[in-house]
Amino acid sequence: MEPFKEHKGLVYPLNRSNIDTDQIIPKQFLKRIERQGFGQFLFYNWRFDDDGNPREDFSLNDPKYDGASILVSGENFGCGSSREHAPWAIQDYGFKVVIASSFADIFYSNCSKNGILPIQLSEQEISNIVSNAESTNYYLTVDLENQVVSDSEGFKATFELVNYLREMLLKGWDEIAVTLSHSDKITSFEEQSHS
Amino acid sequence: MENPKTIIDKIWDKHLVHQEDNKPDLIYIDLQLVHEVTSPQAFEGLRMKGRKVRRPDRTFATMDHNVPTIARHIINDPVSKIQMETLEKNCKEFSVPLADINHPDQGIVHVIGPELGLTQPGKTIVCGDSHTSTHGAFGALAFGIGTSEVEHVLATQTLWQAPPKSMKVKVNGRLSPAVTAKDLILAIIAKFGVRFGTGYVLEYTGEAIRNLSMEERMTICNMSIEAGARAGLISPDETTFNYLKGRRHVPKNEEFDAAVQSWKALATDEGASYDAQVEIDADEVEPQVTWGTNPAMCIPVSGLIPNPNSAKTDASKEEIERALDYMGLEADQPIASVHIDHVFIGSCTNSRISDLRKAAKIIEGKKVHPKVHAMVVPGSQTVKIKAEEEGLDKIFLEAGFEWREAGCSMCLAMNDDIVPPGERCASTSNRNFEGRQGNGARTHLVGPEMAAAAAIEGHFVDVRNLLATSV
C-alpha cells in the first residue's frame with residue numbers, strides 16, 4: 001500500500017445521504033478477478049444511460065470536475081454490501097480522499113486498507129465544502145500528519161482518526177506482515193484453546 | 001452476579017490473541033466462509049507474497065452469487081464462469097474445502113453454514129459478505145469484511161478489531177399471527193433508521209425474540225447490516241441447541257452435552273450493561289412492505305406511501321422525491337394498490353425450508369396472477385431436496401411459480417435472474433437499493449407470505465385477510 005501523508009486536490013461534491021455500495025459499483029462489475037480497472041464503472045448507473053452514454057444530468061460528468069481527487073458526500077456513505085470493489089473503483093477513478101458526515105463501518109475499513117483516507121466532518125463543514133465546490137473550482141489540502149483539512153481561503157477543519165489507521169496510512173503498512181510478526185502469539189492461542 | 005457481561009464481551013474476551021496500546025485488539029477468527037465474488041483478489045494477494053492459508057480446516061467455500069439457478073451447466077456470462085473456475089482453482093491450490101456447483105451441500109453461504117453445523121454459538125465468524133450477520137442468530141459473533149480482510153484472515157486466522165459497542169434491541173410482547181420475523185426486522189429498521197446500528201453489535205432480546213424459531217432468528221440477524229450494524233446476535237437457548245443437535249459439524253454425544261453447557265454460559269448475564277438500547281412492541285407490528293430505495297423506507301401494508309411535503313428536513317424531502325421518482329410511485333397512494341410484475345422468493349434472508357412452507361401454505365390450490373412472473377429459489381440444494389420431499393415444489397409449480405436450483409439469484413441479479421428496467425418485484429430479499437435486482441428494477445421487500453399473497457393477487461394485500469378467508 002502507498003503511504004499517505006498529504007494531498008491537495010480538486011473537490012467533487014455528491015451531496016446525497018445513504019449512498020450504498022451498489023450505487024458506487026453495481027453488481028454486474030463484480031465478476032472480474034483483478035483489483036484494478038474498476039474506475040470506469042464507478043457510479044455506473046448514475047453516470048451512464050442504458051446505451052452506455054454519459055448522462056448530462058449527473059454531476060461527475062461535468063468537465064469542471066475532471067481530475068477531482070477528493071470526493072465529498074453526506075451521511076452513511078458506503079452503506080450496504082461489503083464489496084471492496086467500491087473503494088477500488090473510487091481509487092482507480094482517481095480519488096484519494098473521501099469526506100462524509102458519516103460512513104458505514106465496512107466501507108470505512110475497506111478504504112483505509114487501500115490507502116484511501118476516509119474523513120468524517122460535521123454536517124456544517126460538509127455543507128460549506130459542498131457549496132464552494134458546486135460554485136467554483138475548489139481545492140482542499142488534507143494533512144494526515146496533523147489531521148487537518150484546509151483551503152486557501154482560511155477554512156480549516158480538524159478530523160479524528162484512530163491512531164492505528166493513521167499509522168497504517170502514513171506508513172503504507174502491509175498489515176498481514178505486521179500480524180505475521182505476532183505468529184507465535186497466534187500459535188500459542190491455538191494451542192491453549194485446543195483448536 | 002459480580003461483573004455481569006454481555007454475550008458480546010464474553011465472545012470477545014475468549015478470542016483475544018494480543019493487546020497493545022494504541023492498537024485495536026488482535027482477535028482470533030474461528031471460521032471463515034468464502035464465496036466466488038469477494039475472494040479471488042484475496043487468494044491472488046497470498047500468491048503474490050508466497051503466503052499460505054493458515055487454517056484451511058477453519059475455512060469453507062461455496063459458489064452462490066453467480067451460479068445459474070436453471071440449466072446448471074450453462075453459464076452464459078464468460079466472466080462469471082472465470083470467477084467460478086477461479087474459486088475452484090484457488091480452493092484446490094490452498095486446500096480449502098469447497099461445495100461447488102455440483103456438490104449436494106452447495107447453496108447460499110449463509111444458509112449452508114448453519115445447515116452443516118459449521119455455525120455454532122460463541123464462534124467468531126467472518127465472510128466477505130455483509131450478510132454474515134445472519135450467523136449471529138446462534139449466538140456467534142459474525143460479521144462481513146472486505147477482501148483485504150479476507151486475505152488477512154486467510155493468512156493469519158486473525159483480525160485487528162476495536163472492541164465493538166453493544167446495543168440491546170428489546171422486542172416486547174408477541175408477534176400477531178401471520179406477522180413474520182421479516183416484518184419485525186423491517187419494522188425495527190423503519191422505526192430507528194438505516195444507520196442506528198452503525199458502530200454497534202446488536203443483541204436482540206425480549207419475549208418476541210425468544211419465541212422465534214432458529215430460521216426466523218436468522219432472518220432477523222441477517223438484516224442487522226441494513227441498520228448499519230456489522231453484527232447482530234441472539235443469546236443461545238434450547239431453540240438453538242435443538243437446531244444444532246445432529247448436524248454434521250456439531251460435536252456428538254457426550255461432547256455435544258459438554259458443548260451445550262459451555263454455550264449456555266455464553267448468554268448475556270442478568271444486569272449486564274449495554275452502550276445503548278432501543279425497544280419496540282411486537283404486537284404493534286403489521287405486515288410490512290418497503291416503498292422506497294432503502295430498507296427503512298418501509299410502511300405497514302395498510303399504509304400510504306409518504307408525501308415528501310410532510311418531510312421534516314429539505315434533505316429528507318429530496319430523498320423521498322428521488323425514491324418516489326425511481327420507484328415510479330405517487331405520494332399518498334395506498335401501498336396495497338401497487339401492482340407488481342415479479343415475485344422472488346429466495347435470498348439469504350428468506351429461502352429456508354420454513355420460509356418455503358409459509359409461502360406454499362398461502363398459494364396452495366391457487367394460481368399466480370396472469371400478469372405476474374413468480375419464482376422460488378431455495379437457499380441450498382439441501383433445502384430444495386427437503387422441499388421436494390414435502391411436495392412443496394408441486395404446490396409452487398401447479399400455482400405457476402418457477403422452481404429453481406439454489407443460489408443468490410434475483411436478490412442481486414449477478415446471474416441471469418434479472419428484473420427488467422422499470423418493472424416491479426415483490427422480493428423476500430434484503431435490499432431495495434436502486435438497480436439491486438437489475439438496472440432500473442423496482443424492488444419492494446416483503447416476507448415470504450406477503451410475497452406469495454402478492455403473487456396471487458397481482459398487487460400487495462394484507463396476508464392476514466387472505467388467511468382469514470381461506471380457512
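The values are calculated or read from the model by the stated rules, or taken from the named source; none is laboratory data. These figures come from a predicted structure and were not determined experimentally. Note that we place each Cβ from the backbone using ideal geometry, even for glycine, and neighbour counts take in every protein chain shown. For accessibility, only protein heavy atoms count, side chains too; no ligands or nucleic acids. Shrake-Rupley method; radii C 1.70, N 1.55, O 1.52, S 1.80 Å.
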Handout entry: Reachable aspartates and glutamates, given that their alpha-carbon falls under 16 Å from the alpha-carbon of B:LYS92 and they are not under 8 places away in the same chain
Key = B:GLU36, B:GLU44, B:ASP57, B:ASP100
Practice task
Give the shape of chain A as rounded, prolate or oblate, defined through the alpha-carbon gyration tensor: a ≥ b ≥ c are the square roots of its eigenvalues, a/c under 1.5 means rounded, and otherwise the shape is prolate if a/b is larger than b/c and oblate if not.
Solution key: oblate
Handout entry: Acute angle (nearest 10 degrees) that the helix A:183-192 long axis makes with the longest principal axis of chain A, alpha-carbon atoms
Key = 60
Completion exercise
Dipole check, chain B, charges on Cβ (K,R +1; D,E -1), about Cα centroid: among B:GLN381, B:ALA359, B:LEU304 the Cα furthest to the positive pole belongs to B:GLN381
Problem - Inter-chain Cβ neighbour average for residues A:13-22, partner chain, 10 Å - result: 4
Completion exercise
Within 10 Å of the Cβ of an average residue in B:431-443, the count of other chain Cβ atoms is 4
Practice task
Just order A:13-21, B:275-283, B:223-231 by mean Cβ neighbour count inside 10 Å, highest at the front, would you?
Solution key: B:223-231, A:13-21, B:275-283
Problem - Beta bridge orientation in chain A: antiparallel %, DSSP, nearest 5 - result: 45
Exercise for the section: Could you tell me which of rounded, prolate or oblate describes segment A:57-171, using a ≥ b ≥ c as the square roots of the eigenvalues of the alpha-carbon gyration tensor, with rounded for a/c under 1.5 and, failing that, prolate when a/b is larger than b/c and oblate otherwise? Expected result: oblate
Handout entry: Estimated dipole of chain B in Debye, rounded to 20 [Cβ of Lys and Arg +1, of Asp and Glu -1, Cα centre]
Key = 680
Fill in the blank from the handout: By the mean-Cβ-within-10 Å protection proxy, highest first, B:168-177, B:445-454, B:155-164 rank as B:445-454, B:155-164, B:168-177
Exercise for the section: Can you tell me the dipole magnitude for segment B:252-313 around its Cα centre, using point charges on the Cβ only (Lys, Arg +1; Asp, Glu -1), in Debye to the nearest 20? Expected result: 460
Completion exercise
Note on chain B: contact order normalised by length, alpha-carbon pairs under 8 Å, 6 or more apart, percent, works out to 17
Exercise for the section: Given the options A:ILE24, A:ILE119, A:ILE106, state which has the largest fluctuation in a GNM of chain A using a 10 Å cut-off (strictly under) for Cα springs. Expected result: A:ILE106
Problem - Nearest 10 degrees, 0 to 90: helix A:123-135 Cα axis against chain A principal axis - result: 50
Exercise for the section: Filter the chymotrypsin sites (Phe, Trp or Tyr not before Pro) in segment A:82-159 to those in DSSP coil with at most 15 other Cβ atoms within 10 Å of their Cβ, and list the result. Expected result: A:PHE155
Practice task
Enter the mean number of other protein chain beta carbons within 10 Å of the beta carbon of each residue in B:20-26, as an integer.
Solution key: 3
Fill in the blank from the handout: Between chains A and B, total accessible area buried, probe 1.4 Å, no ligands or nucleic acids, nearest 100 Å², roughly 4800
Exercise for the section: Work out which residues of segment A:67-82 lose at minimum 30 square angstrom of accessible surface when the other protein chains are put back, relative to the chain isolated, with a 1.4 angstrom probe, and list them by number. Expected result: A:GLU75, A:ASN76, A:GLY80, A:SER82
Problem - Sparse-neighbourhood loop sites, trypsin sites (Lys or Arg not before Pro) in segment B:351-380 - DSSP loop, at most 16 other Cβ within 10 angstrom - result: B:LYS367, B:LYS371
Problem - Relative packing of A:72-78, A:52-58, B:406-412, B:381-387, which averages over residues the other C-beta atoms within 10 Å, highest first - result: B:406-412, A:72-78, B:381-387, A:52-58
Exercise for the section: Name the shape class, rounded, prolate or oblate, that the alpha-carbon gyration tensor gives for segment B:292-469, where a ≥ b ≥ c are the square roots of its eigenvalues, rounded holds for a/c under 1.5, and otherwise prolate holds if a/b is larger than b/c and oblate otherwise. Expected result: prolate
